[in-house]
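Enquirer: Take this structure first; my questions come after.
The values are calculated or read from the model by the stated rules, or taken from the named source; none is laboratory data. The structure displayed is predicted, hence computed values, not measured ones. Here the Cβ positions follow ideal geometry from the backbone for every residue, glycine too, while neighbour counts run over all protein chains shown.
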Amino acid sequence: MASPRILILGPPGAGKGTQSSNIAEEYDVEHVTTGDALRSNKEMDISDMDTEYDTPGEYMDAGDLVPDEVVNAIVDEALSQADGFVLDGYPRNLEQAEELEGMTDLDVVLSLDVDREVLVDRLTGRRVDPETGENYHVEFNMPEDEEVRERLEQRDDDNEESVQNRLDVFEENTAPVIDHYADHDGFVAIDGEQTPDDVWADIQAAIDEGV
Ligand code: AMP
């Protein structure tokens, strides 16, 4: 079987990062994530692109979308080097979706559904281990190891104000992308409010069915 080309859609905090890691490991595909790529390049100079701000980080900390030109180039480059992949965090608007159609075909399109109140709790309580990239939560999932607990950090955009803005941006820009893909071959909507293990079981079933 050829390596699957998988798109995972859903709002911030739906669990796309966690489930994409599972997919990458189980199906031996590349995890292509615009959020991580941009976080590693927050200070990149984009002033020659005629954009409002001079670096991606300024958009990200406010919870706004980084300009399409920057993000399209990241994804184009990453996909051209990947055989199979799970694409996470892109496309976030219809223009990016159109761009993606010119880059690759998709075998499976997953959409994780989670209500807004649940997302706010998940995102504002989220903490990240800077050494492993592992996500935790102050209420639901803290690490047992005290050393790990002490080094946890909050992402710059996981404060209440940025979270609310990111969810507004999602509803306005990205929800139409999900509607756009609803008729795509291999589209499966998944209940993202289940336990991570149950979400993962549904995802595996969807991928095994779709490829
Ligand atoms: P994430 O880690 O996916 O929640 O992304 C964090 C931030 O990176 C977003 O709030 C945006 O500022 C930026 N970002 C990630 N992916 C995209 C994208 N496809 N288009 C524009 N901005 C993006």
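Enquirer: Checking the condition surrounded by 14 or more Cβ atoms within 10 Å (Cβ to Cβ) and in contact with a His (Cβ under 6 Å, 6 or more places away or on another chain), which residue from V109, V114 passes?
Expert: Exactly one of V109, V114 is surrounded by 14 or more Cβ atoms within 10 Å (Cβ to Cβ) and in contact with a His (Cβ under 6 Å, 6 or more places away or on another chain), namely V109.
Enquirer: Moving to a separate point now. Which of the residues that make up region 78-104 are of a type outside the set (F, W, Y), near the ligand (Cβ under 8 Å from one of its atoms) and in contact with a strand residue (DSSP E or B) (Cβ under 9 Å, 6 or more places away or on another chain)?
Expert: Of everything in region 78-104, those that are of a type outside the set (F, W, Y), near the ligand (Cβ under 8 Å from one of its atoms) and in contact with a strand residue (DSSP E or B) (Cβ under 9 Å, 6 or more places away or on another chain) turn out to be D88, G89, P91.
Enquirer: Kindly indicate the residue of region 54-66 that is outside any loop (DSSP other than H, G, I, E, B) and either more than 7 Å from the ligand (Cβ to nearest atom) or touching a residue at least 12 places away in the same chain (Cβ under 8 Å) (or both) and also farthest from D156 (Cα to Cα) among those meeting that condition.
Expert: Filtering first and then ranking leaves P56.
Enquirer: Which residue is nearest to V109 (Cα to Cα), if the candidates are limited to region 186-208 and must be without any contact (Cβ under 8 Å) to a residue 12 or more places away in the chain and not aliphatic (A, V, I, L, M)?
Expert: This residue is D208.
Enquirer: Select, from E69, E98, the only residue that is more than 24 Å from G192 (Cβ to Cβ), free of Cβ contacts under 8 Å to residues at least 12 places away in the same chain and either of a type in the set (A, V, I, L, M) or surrounded by fewer than 19 Cβ atoms within 10 Å (Cβ to Cβ) (or both).
Expert: E98
Enquirer: Could you say which residue among V32, V75 is buried (at least 19 other Cβ atoms within 10 Å of the Cβ) and either at pLDDT below 95 or near the ligand (Cβ under 10 Å from one of its atoms) (or both)?
Expert: On inspection, the qualifying residue turns out to be V75.
Enquirer: Which numbered condition trips up V169, out of (1) modelled with pLDDT of 95 or more; (2) farther than 24 Å from K42 by Cβ?
Expert: So V169 meets the others, but not (2).
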